[in-house]
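Read the figures in this text as sums done on the coordinates, not as results from a lab. Please read all numbers here as calculations on a predicted model, not as lab measurements. Every residue, glycine as well, gets a Cβ built from its backbone with ideal geometry; the counts of neighbours run over all protein chains shown.
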């Protein structure tokens, strides 16, 4: 044994070859936490001091190689200041330099995932052999930073500038064939041959038939581009990256700029450019937000897995009541992810529509090469269309997705309860109706909860699992387990009007209504909120949701929270609804929707909407961007604060992810409560003061004021 610690060991093999094997104790995967970085430093000390080593094999003792840095350490690290960030990065960057400079060749056997720092250590090795089941990549720009341990320096010198910058900017995992094609790895082999081929490659380098010194020289020198080639290459690719990333995500362009700045430099100089850029990005609000989103997603997954463990059984057979678009979407998702599902409707037309929806979604996957025709057939065979309850006694969970009418839903739920096992879980895909109220029609309310999917089901990650007054833990657990099986992100919330997402969304819509009432142009509001980061402005979003749906849900919210959500004027959505404009449902709402050459509906401004609004709103006037943002966002934030204070949702992290996954809240802001933390409660309350007199939704909660007084934040 040459060296051993809790994260890695170095031992002798045969023929003068040593093996450095990563094996982080107490963890299911390897990652570069601070302890592992320190251990690697000590291991390199031992390797440099050991006599007789002819070559080094780098491996993982786990089923994956290294997933990257320990992101749980980033929050405290990024808050510690530039010097600390640079020191942390510098230690492992120096480690990789030392690995690359050892007096003998190195080869790495890449199994499972080698991401971020896990791939950067591979780039520091002389030869890379990859399992056909592995993935490699540099995902750092997803976190608002860039590869900080040599990735921006070595990868362009190995695979070329264009390919390297696309890998870095898109932050995608790369398949073995793609990695081999561009030269990021030297060979791809079946998993059972990985070690054998890596050792054989290393042996060839030891014997001199593979020139490892030439490889090192290429990584240490400038990029092989003259000034003209460099100018053209970087101008083109930076323009493309900037267009794809958008102005709110600076990391991809910063990475490209770092590569360009360092193109004529030596390794050490280029690494200094990379390190300085990393420090700058790490201290931005965007990096803090995106790291926060990552950590919140980890928390959400951990909670979902904990709920799944509490479930009394695995959901092996499901059913959906009500076919149509929503039912067909649920059936598709269940069938595609492997859980057989019955799709029941009272009419053949509904069954046909549901099957058409599922078939259309599966066909798209086949057309895009993401599924074979045979797999599509298997998925369709998992959908069992029916107009009877035959076989429902074998069902583990039933999702009711009929019309959003309380009496109809209660009748359907009471009927299905008589046709399922006593332990079957019933779940309603309602978006507004109280779960406790619906449960009044049931004999076993403990087996009932909400399972609110977002439309379109296949595209929206979020599922709200709603606990009614009598819902049991097991009903929640089985429903979360089913959501997990569907590949969805489940957030468990308590019952209240609108649950979580709609309860928070409608004050945002009310802010929009008041802006138009006071003379704002809805197109101007849309543009401001889209520049702020929303995927679509409020008028466009209402059109997409469906104006009839928005009006109905708005009525539910007004009835549920009359002190702040009952408006004393006719809303713009109500005006459009009364004029028969339902949004994209009938191609006319705030905007007209005209099919383009591909048949996709194109949003088109229309004077009709302005003419309809004119008798009900003030004379048109301009509002500043700051005023529009304040009037739109303050109500959303105060309502989310109330939800947290009332325990509707357990944590700010879950609250923020619900908005990210449910309505596309901009990730670079981290969520509404992360946004409040970023600007600070003092500034937020000052922002709310500018809207004084607009209603209770603009009043900061007592909890918010208490946090400010105690110098607290939502994320601590």
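Roughly how many whole Å is it from the C-alpha centroid of the stretch 34-113 to that of the stretch 142-191? The two parts, judged by their Cα centres, are 18 Å apart.
The average projected area of the stretch 502-709, computed from the convex hull of its Cα atoms over all directions, is 11.6 nm².
Averaged over all directions, how much area does the convex hull of the C-alpha atoms of the stretch 594-644 cover when projected, in nm²?
Numbers: hull surface 27.0 nm².
Taking a quarter of the hull surface, the average projection is 6.8 nm².
FRET efficiency for the residue 563 to residue 611 pair, using the beta carbon distance and R₀ = 41 Å, is estimated at 0.75.
Rg/Rh for the stretch 11-114 stands at 1.00; both radii use Cα atoms, and Rh follows the Kirkwood definition. Multiplying the residue separation of residue 347 and residue 474 by 0.36 nm and subtracting their alpha-carbon distance yields 42.4 nm. The shape of the stretch 148-224 comes out oblate: with a ≥ b ≥ c from the C-alpha gyration tensor, a/c is at least 1.5 while a/b does not beat b/c.
Angle between the Cα long axis of helix 267-282 and the longest principal axis of the chain, 0 to 90 degrees, nearest 10? So the inclination is approximately 20 degrees. Taken along the Cα-to-beta-carbon direction at a fixed 7 Å, the label points for residue 11 and residue 527 span 6.7 nm.
Once the piece of chain linking residue 709 and residue 367 is laid out straight, how much longer is it, given 0.36 nm per residue of separation minus the C-alpha distance between them? Don't skip to the end; give the middle numbers.
Values: separation 342, 0.36 × 342 = 123.12 nm, distance 5.74 nm.
Using 0.36 nm per residue and subtracting the Cα-Cα distance, I get 117.4 nm.
Calculate for the chain the 222 nm mean residue ellipticity that helices alone would give, adding -39,500 (n - 2.57) per DSSP H run of length 4 or more and normalising by residue count, nearest 500 deg cm²/dmol.
On the way: 31 runs with 369 residues, N = 716.
Computed mean residue ellipticity for the chain: -16000 deg cm²/dmol.
Out of all DSSP beta bridges in the chain, what portion is antiparallel? Express it as a percent rounded to 5. Intermediate results must be reported in sequence, preceding the final value.
Working: 18 of 64 bridges.
Of the beta bridges lying entirely in the chain, close to 30 percent run antiparallel.
Computed on the stretch 314-495, with alpha-carbon pairs under 8 angstrom and 6+ residues apart, the relative contact order is 21 percent.
The angle between the Cα long axis of helix 547-560 and the main principal axis of the chain comes to about 80°, on a 0 to 90 degree scale. Over the chain, the hull volume per residue, using the convex hull of the C-alpha atoms, is 179 Å³. Averaging 1/r across all pairs of distinct Cα atoms in the stretch 314-495 and inverting the result yields a Kirkwood radius of 16.0 Å. Across the alpha-carbon set of the stretch 3-283, the Rg to Rh ratio works out to 0.95, Rh being the Kirkwood radius.
In whole Å, what three semi-axes, largest first, describe the equivalent ellipsoid of the stretch 67-208 built from its Cα gyration tensor (square root of 5 times each eigenvalue)? Intermediate results must be reported in sequence, preceding the final value.
Working: eigenvalues 140, 61, 36 Å².
Each semi-axis is the square root of five times an eigenvalue, giving 26, 17, 13 Å.
When each of the peptides 537-550, 410-423 is scored by how many other beta carbons lie within 10 Å of its residues on average, the order from highest to lowest is 537-550, 410-423.
Quote to one decimal, in nm, the extra length available between residue 133 and residue 211 on full extension: 0.36 nm per residue of separation minus the C-alpha distance between them.
Numbers: separation 78, 0.36 × 78 = 28.08 nm, distance 2.75 nm.
Contour length minus Cα-Cα distance gives 25.3 nm.
Ranked by the mean number of other Cβ atoms within 10 Å per residue, highest first, peptides 69-78, 46-55 order as 69-78, 46-55.
Using per-residue counts of other Cβ atoms within 10 Å, averaged over each peptide, order 632-641, 258-267 from highest down. Don't skip to the answer; put the middle values down first.
On the way: 632-641: 25.4, 258-267: 19.6.
Ranked by mean Cβ neighbours within 10 Å, highest first: 632-641, 258-267.
Distance between the pseudo-spin-label points of residue 48 and residue 82 (7 Å out from Cα toward the beta carbon): 2.9 nm. Could you tell me how many degrees, from 0 to 90 and to the nearest 10, lie between the Cα long axis of helix 501-517 and the main elongation axis, the longest principal axis, of the Cα atoms of the chain? So the helix axis and the longest Cα principal axis differ by about 70 degrees.
Using Cα-Cα distances under 8 Å and only pairs 6 or more residues apart, what relative contact order does the chain have, in percent?
Rounded, it is 9 percent for the chain.
Where the alpha-carbon atoms of the stretch 210-357 are placed on the principal axes, they occupy 71, 43, 37 Å, in descending order.
Percent of Cα-Cα pairs more than 18 Å apart in the stretch 443-524, please. It would help to have the intermediate numbers written out before the result.
Values: 1769 of 3321 pairs.
Distances greater than 18 Å cover 53 percent of the Cα pairs.
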